[in-house]
1. Assuming E72 fulfils every condition listed in (1) of a type in the set (D, E); (2) outside any loop (DSSP other than H, G, I, E, B); (3) over 30 Å from D126 (Cβ atoms) apart from one, which condition is it?
2. Given the options K101, K139, name the one that is exposed (fewer than 14 other Cβ atoms within 10 Å of the Cβ), over 24 Å from D4 (Cβ atoms) and either over 12 Å from the mean Cα position of the chain (by Cα) or touching a residue at least 60 places away in the same chain (Cβ under 8 Å) (or both).
3. Restricting to the range 104-136, and then to whatever is assigned to a loop (DSSP other than H, G, I, E, B) and hydroxyl-bearing (S, T, Y), can you tell me which residue is farthest from the chain's Cα centre (by Cα)?
4. Taking the stated definitions as given, is R13 part of a helix (DSSP H, G or I) and within 16 Å of the chain's Cα centre (by Cα)?
5. Contact list please: Cβ distance under 8 Å, first residue in the range 171-188 and touching a residue at least 12 places away in the same chain (Cβ under 8 Å), second residue acidic (D, E), pairs at least six apart or on different chains.
6. Starting from residues that are of a type in the set (A, V, I, L, M) and surrounded by fewer than 18 Cβ atoms within 10 Å (Cβ to Cβ), keep the ones in the range 50-82 and report whichever is nearest to D32 (Cα to Cα).
Amino acid sequence: MSSDERLCKIVMRYRDELQKKIQNRKTEMEEDNNDHYMVYNALGFTSEEGYQIDYQQNVGRFLYKYAGSMLEELAINCFKHAFPQAQEKVKLINTIDKSPKHVEIDCLIDNKAYEIKWKDATTDGDHIKKEHKRVQVIKDAGYTPIRIMFFEPNREQAIRIQATLKKLYEDIGGEYYAGEDAWNYLMQETGVNLKEIFNKIKE
């Protein structure tokens, strides 16, 4: 099986699982109590529109979860194929405080500790504190923290948060790749053009 075929198989598995999840939720919603639609009605939405909003909200939540998990698995698969010694989901003891007890590395290759994100629209400043602690623990353990985020945020506050995170990684001696840089980095390290594979599937 070629590299492209292997990765496409992963994509198809996620697609099938997501569609089943959505269908099951749709069936569950047929039995839901919809008394809250009267509030939607008061705000100018019909009951049918209220149902579609609730339905799409469920679909969106599932879609975001599956998209993130799928892209993370694909990237790790690329790394593991190129670097057989790669380890996934490596936990380190939090040496700074007790919350959380452990810090997780998505993919560890020799001294490179990868954090893999499909995108991050976080606007909470507390996110920076948590990430600072995480990368410090990783650095103290003797690894180089590397963040790969395939899609950059659109909103101004989220963009500022990411700019702060990029500086955080660079200041601590780590690396940060986002957007096109992330796709290119993965291709340079593994030889796999994952973005091109997605484009082929879309076609």
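1. The failed condition is (3).
2. Step by step, each of K101, K139 is checked, and only K101 is exposed (fewer than 14 other Cβ atoms within 10 Å of the Cβ), over 24 Å from D4 (Cβ atoms) and either over 12 Å from the mean Cα position of the chain (by Cα) or touching a residue at least 60 places away in the same chain (Cβ under 8 Å) (or both).
3. T123
4. The answer is no for R13.
5. Y176/E170; A178/E152; G179/E152
6. I53
Each reported figure results from applying straightforward, stated rules to the coordinates on display, with no laboratory input. In this text the structure is predicted, and so the values were computed from the model without any measurement. Counting neighbours? That spans all protein chains shown, and the Cβs are built from the backbone with ideal geometry, glycine included.
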